[in-house]
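Contents: one structure, followed by commentary.
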Amino acid sequence: MGTRLRTVWLANVAVGAAAVTVRTPFRTPAAFHTRTTEPVRTQRQSLVASDLEVVTVTDRSAVLTWTTRARDGSGRPRPAPADTEVRIAPADGRLPATTYFHATERTPFHYAEIHGLEPGRSYRFEAYSDGRRAVPARTLVTRAPGTPESTGVFTTLTPPPGVLLRTVVLANDVHYGERTSGLLVAGFPSGFRDEFAEHPELMLEAVLDDVHRPDRAADHLILAGDLTDSGTPEQSRAVRDRLDRWGRHGDDWLVCRGNHDAPIAPDNDPWGAAFHARQQLITHEAGGLRLIGLDTTRLRGSGGTIVTPQLDRLREVLAADPDRPTIVFGHHPVTLSAAVSNPGGPGFVLDRATAAGLHELYRQSPGVFLHHSGHTHRNRRGRPDIGIDVEFTEGAAVKEYPGGYLMVRLYTGGYMVNFYKTRTEAARRWSTRTRRQYLGLHPDHSLGSFADRNHVVLRDLTALSASASLRRSRPS
């Protein structure tokens, strides 16, 4: 590991461990400084386009984001509105890249989604605002050799064979009720507040808006824990009410508990009253697809476990139909690779005995093909601890940069996973601001590699039907 990489990694561990292991949200007194930004008017020659990220690449589309800034009267860089342009050309050709996307609406927070690409083909690309070419930020995740941002080339995915059967969105870490984002200890580093709205609410709203649009058309939304910031009655009722107004529980949306949703006391569980009791497994069925939600939370602490009765019930459910295609979701990551790579260390994820038990159950249940978790606020595609054909994913938080969700498109012959940022103007503004969290190291922790965010897995899923019906959720 190079000196610079080691330094960044150690710093990331130091700040990330404090950031993600705290159980109780920080309360920010008025004396603490919170940052706000306002767009500035600028002359074209002072404009800088940066933070370029090739966020999403599917078989036929790509999403690029970046930010434009200019210096204000005091010399500080501020968001500056400009147009949004993407030029592309096939990488195997010699013709210059030509304009493929151009939005004249002026914004500092650019989101370009281009369609009509060919599967499995490489494209050269350039992003511009008011004639200024966008460049990646000075982050390892986008400046490392071989990344699309550093090479100027991306390759579309080759989709699995067969027809598209169903689409599932995986999201996590909403933290309803959080008022200040990005604090490590009281007042340090200076936190972030949205000057127009409460950020968890606006970011959840952006997800709900996104996944029901025709170009996403998700069948089901899974929220894998930390729906609230501290599990209070007000937070629990508020997020439940918002989800109920959006869709039907057990049909449109499914949830599990996170450590921030834990009971206030053993006999005082507001989140459980709003959703379901602690350490209770939930099962759902959708057109041949089985969805299983696990409660991995402890009464206290940030680490995770599964009590014996819940694990026994999981064994019964899987044994009843071991070959049924199954997605499992729980808040805490499971694998050893997640334990040693996350900034909070092994004590921050699922305990090793429970993790070993899950791996053994999955070995006996070949229908389980994906296990999703949140908690670490990062996009990561993990590997199992033993030789089983199960993908373990971790998802970035809804509430902050990069602010989005994983979309899993299920085909007869496998599935495609893509991470999408949310795209409302308010969400793009907030995501841009919070990418500076934790001394600017947050992107290297949270965004994940291009392959973490975009990949295809070949697998026989012919047992799934195209039925859109979903049986009402039932506690098990």
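The values are calculated or read from the model by the stated rules, or taken from the named source; none is laboratory data. Just so you know, these numbers come straight off a predicted model, no measurement behind them. Neighbour counts are summed over all protein chains in view; Cβ atoms, including those assigned to glycine, are modelled from backbone coordinates with ideal geometry.
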Problem set entry | Of the criteria (1) among the acidic types (Asp, Glu); (2) touching a helix residue (DSSP H, G or I) at 6+ places or on another chain (Cβ under 9 Å); (3) part of a loop (DSSP other than H, G, I, E, B), which one ASP210 fails | (3)
Problem set entry | Residues located in the stretch 429-456, provided they are surrounded by fewer than 22 Cβ atoms within 10 Å (Cβ to Cβ) and under 12 Å from the mean Cα position of the chain (by Cα) | ASP452
Exercise. Can you tell me which residue in the stretch 278-292 is surrounded by the most Cβ atoms within 10 Å (Cβ to Cβ), limited to those that are in contact (Cβ under 8 Å) with a residue 24 or more places away in the chain and not in a strand (DSSP E or B)?
Worked result: LEU281
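Of the residues that sit in the stretch 194-224 and are farther than 24 Å from GLY293 by Cα and surrounded by fewer than 17 Cβ atoms within 10 Å (Cβ to Cβ), which one is modelled with the lowest pLDDT?
Keep residues of the stretch 194-224 that are farther than 24 Å from GLY293 by Cα, which gives 194-199, 202, 213-215.
Okay, now just the ones that are also surrounded by fewer than 17 Cβ atoms within 10 Å (Cβ to Cβ), so 195-198, 213-215.
Numbers: GLU195: 74, PHE196: 70, ALA197: 78, GLU198: 93, ARG213: 96, PRO214: 95, ASP215: 95.
Here the answer is PHE196.
Can you tell me which residues in the stretch 51-71 are assigned to a strand (DSSP E or B) and not aliphatic (A, V, I, L, M)?
ASP51, GLU53, THR56, THR65, TRP66, THR67, THR68, ARG69, ARG71
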Exercise. With respect to GLU149, is the statement that it is in a helix (DSSP H, G or I), touching a residue at least 12 places away in the same chain (Cβ under 8 Å), among the charged types (D, E, K, R) and surrounded by 24 or more Cβ atoms within 10 Å (Cβ to Cβ) true?
Worked result: yes
Seminar exercise, completed: The condition of being out of contact with any Gly (no Cβ under 6 Å at 6 or more places or on another chain), within 20 Å of THR139 (Cα to Cα) and not polar (S, T, N, Q) holds, among LEU439, LEU361, LEU370, only for LEU439
For this session: Filter the stretch 340-354 for residues that are buried (at least 23 other Cβ atoms within 10 Å of the Cβ) and either of a type in the set (Val, Ile, Thr) or more than 19 Å from ASP444 (Cβ to Cβ) (or both) and give the result.
Result: VAL349, LEU350
For this session: Looking only at the stretch 354-392, count how many residues are in contact (Cβ under 8 Å) with a residue 60 or more places away in the chain and over 21 Å from GLY258 (Cβ atoms).
Result: 3
For this session: Considering (1) in contact with a strand residue (DSSP E or B) (Cβ under 8 Å, 6 or more places away or on another chain); (2) over 25 Å from ASP215 (Cβ atoms), say which one LEU441 fails and leave the rest.
Result: (1)
